[in-house]
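Engineer: Here it is: the structure, laid out below.
Each value in this text was obtained by applying a stated rule to the coordinates, not by laboratory testing. Keep in mind the model is a prediction, meaning the values are calculated, not measured. Glycine also receives a Cβ, built like all others from the backbone with ideal geometry; neighbour counts cover every protein chain displayed.
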Amino acid sequence: MFDFSAKFEQLTGSPPFPWQAALFERMTTGKEVDIPSVCHIPTGLGKTSIIAIWLLALARRPNDLPTRLAYVVNRRTVVDQTTTEVERIKKNLSAANLGIRDLMISTLRGQFADNREWSKNPALPAVISGTVDMIGSRLLFSGYGVGFKARPLHAGFLGQDTLLVHDEAHLEPAFQKLLESIMSEQQRERSTSDVPWRPLQVMQLSATIRSDDDKSSQKSPPFGLSPSDEKHPVVKQRLQATKTMTLQEVADEKKPLVEAVVARALELRDSNRTVIIFLRKLDHVESVQGELEKKKLSVQFLTGTQRGYERQQMADPTSPTGCPIFARFLPPPKANDSQSPSWKVTPAAGTVYLICTSAGEVGVNLSADHLICDLSTYESMAQRFGRVNRFGDRDDSSIHVIYPSTFTGEDVFSPPREKTLLLLRQLEGDASPAALSKLYNARSEEVHQAFTPLPTILPATDILFDTWALTSIKGELPGRPPVEPYLHGIETWEPPQTTIAWREEVDLLNAEVLKEHPPEQLLEEFPLLPHELVVNTSERAFKHLAKLAERHPETIVWMIDRKEKLTLVPLKEVANKDRKERIEHCTILLPPSIGGLNSGLLDGDSEAPALDVSCKSPTSENKQRSRLRVTEDELPSFLKQTREMRVVRQIVLEVDESDTTTPVSQVNTQESSTLDDLETESTTSPANGKIWLWLATPARTGLGTLGSKAPIGLQHHVDDVVRETEQILKELKLPEKLKAAVRLAAKYHDEGKRRPFFQMMLGNRNFPDVLLAKSQTGTGRITETYRHEFGSLRDITHDAEFNALEPHDQDIVLHLIAAHHGRARPHFSADEAFDPFALESESIAFATEIPRRFARLQRHYGRWGLAYLESILRAADYAASAHPSSREEPVHE
């Protein structure tokens, strides 16, 4: 018998609430799996435990539940609390004895920051946690910070055999509509073909819904709390938690608002309690913070405008860099619990204040004793109230809401805020979850009218899905718009934003070096990670950039527009007051040497060099990538000593190695790329080394590297790939004919590497006696122009086993070979579509057929289905490249 309660407690460390057991039963007991489309679970009742429930359901019914779970949080979320939850589950996996050998974890932050573990093997259970932007863009074949090679891989893994949990779905209505469009499109695709794997499934998870009008997308009845939950002592305590609310009127939301907030905060200065302050405008946050700091009070701010690196360090008490003030608002480690991470900071004593914008409203496991805030829309207020006395363990918690005497008609938020105020008055001072639920049940229509206005939701059509899936066409394509407006809708009231990051390549690489190492390629290999970014309104960003331009007008910066076009421009042009709109919706990379960063905030007055954190993890020492500089003489020994990391880029800098002066930017490189990180035994390399090595773990690169730790023979690699393919196929429930096609593609995928031209590109000095699949780093490899997978297409057509296949199965084999490095979706570029062993007419014929084959297969398997099918061979190729076998054992009888 499957004991859910016992296994749940073994995984999570806590016994289940009634709703958790009921959801598990619903997902596992019927003849057909019943995953609810909507779950209404109030804040504070362990919503992230849905991950554990899914995993237990998967263990009980492995042939019926999705293999992956994607947990998507609102874009304003600061700290991804699911990371801690999933880490605990992974640690306890063996103790629960579920028959699941491993759980792949990838989050956007911390130890597992986008480590791509989730995309290594389509047969392995995985949890992927991220924001709407990061998950949504990947789902639409347009992953932010992802190169064209990996985009279909990510789309296939997320779009098939995945349960996507959309947390606080009411905050992102456009994304929810997009998900429904994708599910509808997949349903249409599956109606015309027998696809053997599960489609995308979506669960809305929210304490509040926007409207109950549209139930057409709900495949099953909504799920929520039952009378059993309301009787449960812990649930009851949290639902009825004391939250006494008072309302205060002020003349306007300028100086009077700030004065009222400060006055109420000072009333609590001797309470020895935690006080959280929510304000809608950043200017108000700064004003209140300044006034409280003048009084020598313990104050910390939490805003979405702080760089992720500093923000995450501040919010993590398990790190020495954690903020003692912030730690007061977090649940302390459980006593006598070995699974509970120990803290490395001592929480601050006395009364402490945390001042937040909307960044603190969602996804942060904060609990304050008291709340002071201005008036926002209803769903925002509900989120704020959820940060007070979350666990119901106090009987004196208060909420103080300050509102204006009049509302301006010009502000789009005024009508819903005014309606929110009327609803709050109906609570009669009780802001507990139970009271909010009662209010919603009685006045749902009025509650919906008090929400933030809906954005303009753009319809995602089949034509758009088609163009987004054409990932091998780089650059602009008519009819292929950026995906961002489809993820969030068009919020006409939201000002445009600009993103800033600091990268040393902007400092170190001049125009000549960039000819050999194009910026686009550098950012594909070392993509920008969320913790590197500072996001501001374009208006605020421009003011700070203008100050930097006054001191460094000719400094070159990298600018990436919303269509991902990258240009190098002088800073004075970026700060041209006559073209302020130029930076809207752009990402700007600054050289660290010019400064512009202060405590993680964009600050044009700051002249101190900024820290390049591209290789630094905010909350873990387990790094996925690193960069360092060495001299030419030291290069061979460094390459031999690096163990876990592989070289993805080797750049020869135009510097004088005899100069012993440490460049400003190199100070950051040394700090973020110590040789301890690379597990070497050498002494620290000189800061002025001419060779700049970029290294990453195989998991981080995911798609091959510049070179291998040692040369790998061609047959050795092919045998490894065939072996890995067979292992994946054993765990996937696919028709035997389809498995046979995948096996044959694995056997022939690198046949084109036998060409002398390719062996010359590898720098293989032992050809023809030795055929290599991969060269060793530093052996003189030159830029690859001939694509070996294109050559493989010609070679397999002479194989008897291939020619015995039916045309559709031949299409599968040829496409998997052509696409196993991200091309053939739908084409090879003109300069890559050639084979030195073939006549030009043959190459043209092969190249012409590639997009036709892609179209046929995409019609049959669907957009996400074809990408998923490609992932099998790509996953096997990755595994074989990352971990080659020690012996060249043949795999064929």
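Engineer: Percent antiparallel among DSSP beta bridges with both residues in the chain, to the nearest 5?
Structural biologist: Antiparallel: roughly 35 percent of the beta bridges in the chain.
Engineer: Same structure again: I want to check the label-to-label distance for L454 and E632. Put each point 7 Å from Cα in the C-beta direction and report it in nm to one decimal.
Structural biologist: 6.6
Engineer: Could you grab the relative contact order for the stretch 495-602? Cα pairs under 8 Å, six or more apart, rounded to a whole percent.
Structural biologist: Over the stretch 495-602, the number comes to 42 percent.
Engineer: If you take the beta carbon distance between E654 and N365 as r and set R0 to 51 Å, what does 1/(1 + (r/R0)^6) give as a FRET efficiency, to the nearest 0.05?
Structural biologist: Result of the calculation: an efficiency of 0.55.
Engineer: Also, I was wondering about something else. Once the piece of chain linking A6 and K334 is laid out straight, how much longer is it, given 0.36 nm per residue of separation minus the C-alpha distance between them?
Structural biologist: Separation in residues times 0.36 nm, less the Cα-Cα distance, equals 116.1 nm.
Engineer: If a/c stays under 1.5 just call it rounded; otherwise compare a/b with b/c (prolate if a/b is bigger, oblate if not). Do that for the stretch 712-882, with a ≥ b ≥ c from the square roots of the Cα gyration tensor eigenvalues.
Structural biologist: oblate
Engineer: Contour minus end-to-end for E418 and R723, with contour as 0.36 nm per residue of separation and end-to-end as the Cα-Cα distance?
Structural biologist: The E418-R723 span can extend by a further 103.3 nm.
Engineer: For Q187 and D393, FRET efficiency with R0 = 45 Å and r from the beta-carbon atoms, rounded to 0.05?
Structural biologist: The computed FRET efficiency comes out at 0.45.
Engineer: Then there's this: For the chain, what does the convex hull of the Cα positions come to per residue, in cubic angstrom?
Structural biologist: 179
Engineer: Sorted by average packing, counted as other Cβ atoms within 10 angstrom per residue and highest first, what order do 190-199, 844-853 take?
Structural biologist: Going from most to least packed, we get 844-853, 190-199.
Engineer: Also, I was wondering about something else. Using label points projected 7 Å from each Cα along Cα→Cβ, tell me how many nm separate K281 and R852, to one decimal.
Structural biologist: 6.4
Engineer: Let's test the formula: R0 of 51 Å, r as the Cβ-Cβ distance of E249 and N63. What FRET efficiency results, to the nearest 0.05?
Structural biologist: 0.25
Engineer: If you don't mind, there's one more thing I want to ask. Write out the GluC sites (Glu not before Pro) in the stretch 392-472 meeting two conditions: DSSP loop, and at most 15 other Cβ atoms within 10 Å of their Cβ.
Structural biologist: E410, E428
Engineer: Turning to a different aspect of this structure: Take the alpha carbon gyration tensor of the stretch 391-468, find the square roots of its eigenvalues, order them as a ≥ b ≥ c, and report rounded if a/c is under 1.5; if not, report prolate when a/b exceeds b/c, else oblate.
Structural biologist: Prolate, because a/c is 1.5 or more and a/b exceeds b/c.
Engineer: Semi-axes of the equivalent ellipsoid of the stretch 239-449: what are they in whole Å, largest first, if each equals the square root of 5 times a C-alpha gyration tensor eigenvalue?
Structural biologist: Each semi-axis is √(5λ); the values are 28, 21, 16 Å.
Engineer: Describe numerically, in nm with one decimal, the distance between label points set 7 Å from Cα along Cα→Cβ at E25 and at D102.
Structural biologist: 3.6
Engineer: Counting only C-alpha contacts under 8 Å and six or more residues apart, can you give the relative contact order of the chain as a whole percent?
Structural biologist: 13
Engineer: With a ≥ b ≥ c taken as the square roots of the eigenvalues of the C-alpha gyration tensor of the stretch 495-602, please select rounded if a/c is under 1.5 and otherwise prolate if a/b is larger than b/c or oblate if it is not?
Structural biologist: Rounded, because the longest to shortest axis ratio a/c is under 1.5.
Engineer: Full-extension gain between H883 and K236, please, as 0.36 nm times their residue separation minus the C-alpha to C-alpha distance.
Structural biologist: Full extension of this stretch gives 227.7 nm more.
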